[in-house]
Structure formats: structure tokens, C-alpha cells
Amino acid sequence: MKVIVVGATGTLGSAITSDLKNDHEVVEVGYSDGDVQVDITDIGSIKAMYQEIGAFDALVSATGAVHFGPLEDITQEQWQLGLNNKLMGQINLVMEGAKHINDGGSFTLTAGIISRDPIRYGAAATTVCSALEGFAASAALELPRGIRVNAVSPTILEESVDLFGSAFAGSEPVPASVAAKAFRKSAEGARSGQTFTVQGRT
């Protein structure tokens with residue numbers, strides 16, 4: 001398959017790319033590096049990315065920014081960060097990508113375990129992750145030509161413990177290489193409208 005990985009140079013994206021490259025042609029997409037560049041907050045940039053890449057079989061999104069902070073301090077701009085970037089950015093990857101993807105292709109989006117296991121200071125992120133899972137479940141009912149869409153909701157990665165570990169007390173981190181397997185399952189499998197959860201022991 002020809003697989004687009006958006007966010008291919010990030011911690012999770014690099015692991016996904018490394019895993020998929022064993023069996024597929026991978027187009028690495030980043031904000032400022034990779035084979036192709038895209039700004040997922042800019043619909044024009046997304047359209048240009050698809051025009052440059054052409055037809056493809058699967059897209060995996062491992063990107064998206066959200067704000068973390070005390071609920072009472074979240075500003076409108078900070079709410080909009082996650083809504084414009086992680087949520088609508090990934091939704092637009094599907095909406096525009098559906099015009100270019102081959103029959104029977106798939107989209108895999110990144111949400112997060114906090115959609116069902118919220119953490120303190122994560123209200124904005126939990127809202128976005130929950131919405132992404134809802135989008136995947138609903139959009140799967142309407143996408144044409146056998147196109148599938150799923151979400152993956154990983155727990156904290158081992159590689160991110162130094163930055164975020166204190167917020168996930170009691171949760172066992174997973175290596176990015178393990179989380180990457182859920183994205184392969186989505187891209188190569190047959191299920192649609194699903195959320196694949198990746199977590200260690202709690």
C-alpha cells in the first residue's frame with residue numbers, strides 16, 4: 001500500500017513510519033520537514049499536499065496540538081488551539097483525503113486515552129480526543145467507496161514520561177513502537193468506526 005503518515009517525524013509518527021516501512025510505501029509528511037510539508041490548520045495546505053502526493057491507499061495522522069492547563073484559566077484562544085489543530089486539522093485530512101484515496105482505503109486519526117480516562121488539567125485535550133472518536137464512529141457510516149476511518153487512543157508513551165509522566169500517575173507508559181502497532185491494525189485491517197485503545201497496566 002501507499003501510506004501517508006502525517007506527523008511522521010514526531011515521537012509517535014517516527015515509530016509508525018518505521019513499522020509501516022517494512023511492508024509499505026510510506027510518504028512522510030511533516031510541518032517543516034519530511035517528503036511533503038503540510039499545515040493541518042490550513043485547508044489550502046491540506047489540498048496542496050494531496051495534489052502533490054496523488055492517489056494513495058491509507059493515511060495515518062500522528063499529529064495535532066492541544067492546550068493543557070487548569071480549567072478555570074483556559075482562554076478562548078487556548079480552546080481554539082485544539083479545536084482548530086488536533087480536531088479540525090485531522091477531520092479535514094479525512095474530508096479532503098476522501099476525494100483522493102483509492103477505493104477501500106483507510107484513515108487513522110490520533111485521539112488519546114484521556115477521552116475515557118481524564119487527567120487533571122486536560123479538559124481541553126479530553127474534549128478534542130472525545131470528539132475525534134465520535135467523528136470516526138459517525139463518519140464511518142457515510143464514507144463512500146468502502147473507505148474506512150478509525151481512531152487510535154494511546155496512553156502516555158515511554159518516550160514522553162519526562163514531560164508528562166506526573167499527569168498520568170498510576171498508568172503504565174507504553175513504548176511508541178507498541179502504540180504504532182494499533183495504527184498498523186487500523187490501516188491493514190477491515191474494521192471501521194472504531195477506536196483502538198493502547199494502554200499498559202493501570
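For segment 1-106, trypsin sites (Lys or Arg not before Pro) are listed when DSSP marks them as loop and at most 10 other Cβ atoms sit within 10 Å of their Cβ; the list is K99.
Among the GluC sites (Glu not before Pro) in segment 99-174, those located in a DSSP loop and surrounded by at most 12 other Cβ atoms within 10 Å of their own Cβ are E142.
Below 8 Å between Cα atoms, with a sequence gap of 6+, how large is the relative contact order for segment 1-102 in percent? Mind dumping the intermediate values first?
Details: 156 pairs, mean separation 29.8, N = 102.
It comes to 29 percent, rounded to a whole number.
If you put +1 on each Lys and Arg Cβ and -1 on each Asp and Glu Cβ, how big is the dipole of the chain around its Cα centre, in Debye rounded to 20?
Working: 14 positive and 23 negative charges, 128 e Å.
Result for the chain is approximately 620 debye, rounded to the nearest 20.
Going by alpha carbons, how many degrees (0 to 90, nearest 10) lie between the helix axis of 11-20 and the longest principal axis of the chain? So the inclination is approximately 40 degrees.
Which value, in Å², gives the accessible area per residue of the chain when a 1.4 Å probe is used on the protein heavy atoms? Could you put the intermediate results ahead of the total?
Working: 9270 Å² over 202 residues.
Result: 46 Å² per residue.
Put R120, R184, R191 in order of accessible area, highest first, and with a 1.4 Å probe you get R120, R191, R184.
Please report, as a whole percent, how much of the solvent-accessible surface of segment 127-202 comes from carbon and sulfur atoms (probe radius 1.4 Å). Don't jump to the answer; show the numbers that get you there.
Numbers: 1990 of 3710 Å².
In segment 127-202, the share of accessible area belonging to carbon and sulfur is 54 percent.
Against the chain, whose longest principal axis comes from its Cα atoms, helix 88-97 is set at around 10 degrees.
Once all protein chains are placed together, D23 keeps about 100 Å² accessible to a 1.4 angstrom probe.
Annotation: lysines with alpha-carbon distance below 20 angstrom to K86 (same-chain offsets under eight excluded): K47.
Taking M88, M49 and ordering them by how much accessible surface each has at a 1.4 Å probe, largest first, produces M88, M49.
Accessible area per residue was computed with a 1.4 Å probe on protein heavy atoms; H100 scores about 50 Å².
Relative contact order of the chain: what whole-number percent is it, with Cα pairs under 8 angstrom and at least 6 residues apart? Provide the component values of the computation, followed by the final result.
Values: 420 pairs, mean separation 41.8, N = 202.
Relative CO of the chain lands at 21 percent.
With contributions of -39500 (n - 2.57) from each DSSP H run of at least four residues, the per-residue ellipticity at 222 nm computed over the chain stands at -10500 deg cm²/dmol. Ranked from largest, the principal axis spans of the Cα set of segment 42-106 equal 46, 21, 14 Å. For the chain, the residue among I156, Q194, L59 whose Cα projects farthest onto the positive side of the dipole built from Cβ charges is Q194.
Note on segment 44-104: dipole from Cβ charges, positive end direction compared against G82, P70, I46; the farthest Cα belongs to I46.
The values are calculated or read from the model by the stated rules, or taken from the named source; none is laboratory data. It should be emphasised that the depicted structure is a prediction, and the values quoted were computed from it without experimental measurement. Here the Cβ is made from the backbone with ideal geometry for all residues, glycine too, and neighbour counts use every protein chain on show. Accessible surface areas use protein heavy atoms only, side chains included; no ligands, DNA or RNA. Shrake-Rupley method; radii C 1.70, N 1.55, O 1.52, S 1.80 Å.
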